[in-house]
Amino acid sequence: MSAAKSKGGATDVSLLWAMRSGDESAMVKLYDRYSSIVYAVALRVLGDTGAAEDVLQEVFMQLWRNPGVFDSSRGNLGAWLGVISRNRAIDSLRRRRPETDVADVVISVEPDMAGEAERARAMEKVRGALGSMPAAQRSALEMAYFEGLTHTEIADKTGEPLGTIKTRIRSGLQALRKAF
Amino acid sequence: MSPHEQFVDDLALLALGALQGDERVALEKHLEGCAACRRELAQLHGDMALLALSTAGPTPPRRARERLLKAVAQEPRIGTAARRSWWALVPWFAAAAFVFLAAFFWRQSERLAQRVAALQTESLEQRAQLERAREVVLTLTSTDALRVTLVAAQTPPQPQGKVIYVRDRSSLIFLASNMPALPAQKAYELWLIPTTGAPIPAGVFRPDAHGSATVIEPRLPPRVEAKTFAITVEPEQGSSAPTTPIVMMGAGV
């Protein structure tokens, strides 16, 4: 796992440790570092600033109450928070009870998300990859990701066969990965 | 090892939370035993995180930050972990302290034991010395002792006295033999004649039936320089100064 560290800042791990001892300033630093990812994803999914703020609040409060839920074996904190935020938002959107046990999610991702510069670079790459994807592929991916539709629902919506949808989603994700 | 082909699509869906029902159960079961597929799942989660990045743009409103900070302040962790960790250390410190104290006291007791042993040895030696000294005294003062004065052949025995005096210890031993018997209520008195000053009483004695007598360690002023010694006849309780002429005198001193 790359040591996520923004220029002149403490590592994510050290901030989490500080939070364990009740250090509120460590919480604030992590919030400032990652709140935009969490918020942006939630907003994209929910399309509502109030709801997105609620997700933002929930995600960080959960981290504050239990900093131990994330340890370094889970990948990098920024990516993890992004996934948690998306899942929470989807659950809220679909009025589902939380399906994934947060503690079980393990992420393996290349770019270091803590630093502003790295994040901006990664953002560029992702947007580029999405842009060069076939429209159907991108749309299937986005429906699954930002709308939380199951492949069955996407198939129904697009009128495409189930197998095609599955493949599109899988190759879409692969294409993203290749961009890095 | 690459992930199983038949599961690859489902893995992507699982990562998206879009896999349901039997397919999901089957895949989760498979994952329990397949590291390669688990790795692929982690990668897919990562890909999803990248998708999250694509949304970046709007920063959360200021009010959201304040709301969070307020909530955090209302739920202070009060460094429970920190306190716990400090308190958790207390038994370790106590244990360490006990170990040190135990080691310290053990060493002390070792030293004490050695000291006691040394004292015991010393005491035994002293007791032996004391025994020897007592033996000497008993022999010198014993009424059962056989006292023999040796003289050159054909010479009748004469009254004889021998003083052994150690000035530094104010220690005196006197042995007499062949002393003439005395009338009742009379005794011989030994005098230390100092180099300067009056004669000093050095013990009162009456000879036994054989004419022998001993004086052992009389009380003497400290470290008196003795010129000689003398004997006079005094009342049986002794005198502080000679009241009769000297009957025996130290010779050749």
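The values are calculated or read from the model by the stated rules, or taken from the named source; none is laboratory data. Just so we're clear, the structure is a prediction, and the values are computed from it rather than from any experiment. Cβ placement follows ideal geometry from the backbone for every residue including glycine, while neighbour counts extend to all protein chains displayed. Surface accessibility is based on the protein's heavy atoms, side chains included, excluding ligands, DNA and RNA. Shrake-Rupley method; radii C 1.70, N 1.55, O 1.52, S 1.80 Å.
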Over region B:10-67, the set of residues under 24 Å from A:Asp48 (Cα atoms), in a helix (DSSP H, G or I) and either open to solvent by 50 Å² or more (accessible area, probe 1.4 Å) or at pLDDT 85 or above (or both) is B:Arg62, B:Arg63, B:Ala64, B:Arg65, B:Glu66, B:Arg67
How many residues of region A:112-144 are within 17 Å of A:Val41 (Cα to Cα), at pLDDT below 85 and open to solvent by less than 70 Å² (accessible area, probe 1.4 Å)? The answer is 7
| said: It is to be established whether one or more residues within region B:156-170 are modelled with pLDDT under 90 and farther than 26 Å from B:Val137 by Cβ. | reply: yes
Filter region B:40-74 for residues that are more than 7 Å from every other protein chain (Cβ to nearest Cβ) and charged (D, E, K, R); the one that is nearest to A:Glu116 (Cα to Cα) is B:Arg62
Residues of region A:170-180 being over 17 Å from the mean Cα position of the chain (by Cα) and open to solvent by less than 40 Å² (accessible area, probe 1.4 Å), in sequence order, are A:Ser171, A:Ala175, A:Ala179
The lone condition A:Ala89 fails out of (1) open to solvent by 10 Å² or more (accessible area, probe 1.4 Å); (2) more than 14 Å from B:Arg65 (Cα to Cα) is (1)
When every residue in region A:11-34 that is within 7 Å of another protein chain (Cβ to nearest Cβ) and touching a helix residue (DSSP H, G or I) at 6+ places or on another chain (Cβ under 6 Å) is compared, the one farthest from A:Ser92 (Cα to Cα) is A:Ser21
Per the list (1) surrounded by fewer than 15 Cβ atoms within 10 Å (Cβ to Cβ); (2) in contact (Cβ under 8 Å) with a residue 40 or more places away in the chain; (3) not small (Gly, Ala, Ser), residue check on B:Met249 breaks on (2)
Looking at this structure, is A:Ser92 part of a helix (DSSP H, G or I), more than 11 Å from every other protein chain (Cβ to nearest Cβ) and modelled with pLDDT of 85 or more?
yes
If we ask which residues in region B:133-184 are in contact (Cβ under 8 Å) with a residue 40 or more places away in the chain, part of a loop (DSSP other than H, G, I, E, B) and open to solvent by 90 Å² or more (accessible area, probe 1.4 Å), their number turns out to be 1
When every residue in region A:26-50 that is open to solvent by 60 Å² or more (accessible area, probe 1.4 Å) and not acidic (Asp, Glu) is compared, the one nearest to B:Met48 (Cα to Cα) is A:Arg44
Note on region A:43-63: residues modelled with pLDDT of 90 or more and facing chain B (nearest Cβ under 9 Å) are A:Ala52, A:Glu53, A:Leu56, A:Gln57, A:Phe60, A:Met61
Surrounded by fewer than 21 Cβ atoms within 10 Å (Cβ to Cβ), more than 17 Å from the chain's Cα centre (by Cα), at pLDDT 85 or above and facing another protein chain (nearest Cβ under 9 Å) - does that describe any residue in region A:153-160?
yes
Cβ pairs under 8 Å, 6+ apart or interchain, first in region A:42-61 and without any contact (Cβ under 8 Å) to a residue 12 or more places away in the chain, second outside any helix (DSSP H, G or I), ordered by first then second residue, are A:Leu43/B:Thr55; A:Leu43/B:Pro58; A:Thr49/B:Pro61; A:Met61/B:Glu75
Reported set for region A:132-152 where residues are touching a Lys or Arg at 6+ places or on another chain (Cβ under 8 Å) and within 10 Å of another protein chain (Cβ to nearest Cβ) is A:Leu141, A:Met143, A:Tyr145, A:Phe146, A:Gly148, A:Leu149, A:His151
